[in-house]
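Please treat every number below as a calculation from the coordinates, not as lab data. Because the structure is predicted, anything quoted here is derived from the model rather than measured. Every residue, glycine among them, receives a Cβ derived from its backbone with ideal geometry; neighbour counts consider all protein chains shown.
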Amino acid sequence: MRAQQFNSTSAPIFLLPIQIEIVAEKNQMINFEEEMAKTKRETTKMKVGDKSAPASQKLKREKSQTLKREKTGTTMKTSKPKVPKSVSQENDLVTDVHLVPAKIAHEMMDKICALYPDADCELDFANPFQLLTAVILSAQTTDAQVNKVTPMLFKRFPNAKALAEAPLDDIKEIIRPTGYYNAKAQNIQRCAQALVEKFKGEVPRTLEELTSLPGVGRKTANVVLGVAYGVPGWTVDTHVQRLSARLGLSRNVDPYKIELDLQKLFPSRDWSKLSITLIWHGRRLCYARKPECEKCPINQLCPSSRVP
Ligand code: SF4
């Protein structure tokens, strides 16, 4: 099943890391980060437990280190907090970004657009409600993974009312493969309940109304507005965040500030199209770890190009 358009041109979907850390969607969303942090804490605990020496040995080692320090008069080393070298904490800017003139920015985007003339939303959906639900589910996973679970989910619960009244455990079971399924199940159900209570089961058409829904932040709202309703907007996901810095379009780290920089650089009619095109480029060539600059059509313009 392919994404159906709703008075729209096209738009995006997203995900994950770079040196500038990612930002979670929104306060009201049941926090995926909490779950991730919990998992990490548990993993770390296990690792430490595996490798650590018996307590008596540790105590012995600490005592001997203290004695040594007292003898030599040295002080204990304290570890500094890790800060990405290129990010200035004071003003939240990436300091090694080389901003490009607007003319070069437009030239680069033209070339990237030419490379992906079919760039479009990669989530499967049949209406705005399904798109909104799929976008919420796409947090911390791939669109392909979401597309595997949504046919069953929407077959069982085809609209906001059905999802709002569904047994939570049934939702969890269906969406389990997308990860963080406890939080996600609650989010999509609360969102569906809010749609029923506040918007008669329909997905609203404004950023303000959309972001009033549980689990819906600017990123999700902009995807829905652009893809389902053709309302222009920048979706600043991890790819757009990374590429904005690499291409010299923004020195900001905060997604909202990046969004404002990109809004100034490009005409509003192109925002949704350019968002999804940057996302495609980030997914297909300009990878977070090893960008394939040799194959990139803008390797002679891009300030981060590894091609001489
Ligand atoms: S030249 Fe390299 S860093 Fe620049 S956009 Fe292309 S792949 Fe990314």
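Among His106, His98, the order by Cβ neighbours within 10 angstrom, fewest to most, reads His98, His106. In percent, rounded to a whole number, the relative contact order of segment 128-215 is 32, using alpha-carbon pairs under 8 Å and six or more apart. Leu93's amide H: which non-local residues (gap 5+, or another chain) put their own amide H closer than 5 Å, with H modeled 1.01 Å from N in plane and none for Pro or chain starts? Hits under the 5 Å cutoff: Ser88. Each peptide in 266-276, 109-119 receives the mean, over its residues, of other Cβ atoms within 10 Å, and ordering these scores from highest gives 266-276, 109-119. Taking other C-beta atoms within 10 Å as the exposure proxy, Tyr287, Tyr180 rank Tyr287, Tyr180 from fewest upward. Local charge for Val307 was computed over the other residues whose Cβ lies under 12 Å away, with Lys and Arg +1 and Asp and Glu -1, and equals 0. The string of couplings for segment 183-196 from the Karplus curve (6.51, -1.76, 1.60, θ = phi - 60°) is 5, 5, 4, 5, 5, 5, 6, 5, 5, 4, 4, 5, 4, 5 Hz, one whole number per residue in order, with x for Gly and Pro. A protection proxy built from the mean count of other Cβ atoms within 10 Å ranks the segments 244-252, 201-209, most packed first, as 244-252, 201-209.
Grab every C-alpha pair in segment 128-215, bin the distances at 5 angstrom width from 0 up to the longest one, and report whole percents. Here the calculated profile for segment 128-215 is 3, 16, 29, 27, 16, 8, 1. In order along segment 99-108, phi translates into HN-Hα couplings of 5, 9, x, 4, 4, 5, 4, 5, 4, 5 Hz, rounded to whole numbers, per the Karplus curve 6.51 cos²θ - 1.76 cosθ + 1.60 with θ = phi - 60° and x for Gly and Pro. Annotation: average projected area of segment 247-305 is 4.4 square nanometres, based on the convex hull of Cα atoms across all directions.
Close amide H pairs (under 5 Å, H built 1.01 Å from N) link Arg205 with no residue at least 5 positions away or on another chain.
In plain terms, the residue of Leu168, Leu285, Leu153, Leu163 with the fewest other Cβ atoms within 10 Å comes first and the most crowded comes last, giving Leu168, Leu285, Leu153, Leu163. Near Cys121, the amide H atoms lying under 5 Å from its own belong to Ala11; only residues 5 or more places off or on other chains count, and H is placed 1.01 Å from N.
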